[in-house]
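Down below is the structure, laid out as structure tokens.
The values are calculated or read from the model by the stated rules, or taken from the named source; none is laboratory data. Every value quoted in this text rests on a predicted model; they were computed, and no experiment measured them. No Cβ is skipped: glycine too gets one built from the backbone with ideal geometry, and neighbour counts run over all protein chains shown.
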Amino acid sequence: MDSLDRRQGLSSEQVAQRVRDGLSNADEGIKTKTEKQIILENTFTFFNILNFVLALFVLLVGSFKNLFIFGRYLF
């Protein structure tokens, strides 16, 4: 390892050599999600799907007064 003066830091040549050697800590990978991905992941959860299935069953049975709870869930 080159002599390192901690008060001065690395020279431009030292930085370039470390980058060539793969010793930099820069992260080039994008780790963000699009708005569409966030909305889809938060909309299609297990509990939301379960509520939609239960609402479908209530519709099939014809007990429409029980759908009031589902309406409150949507809005």
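Name every residue in region 15-59 that is among the β-branched types (V, I, T) and either under 30 Å from I69 (Cβ atoms) or in a helix (DSSP H, G or I) (or both), in order of residue number. Correct list: V15, V19, I38, I39, T43, T45, I49, V53, V58.
Tallying residues that are modelled with pLDDT of 75 or more, outside any helix (DSSP H, G or I) and either surrounded by 10 or more Cβ atoms within 10 Å (Cβ to Cβ) or in contact with a Cys (Cβ under 9 Å, 6 or more places away or on another chain) (or both) within region 1-14 yields 2.
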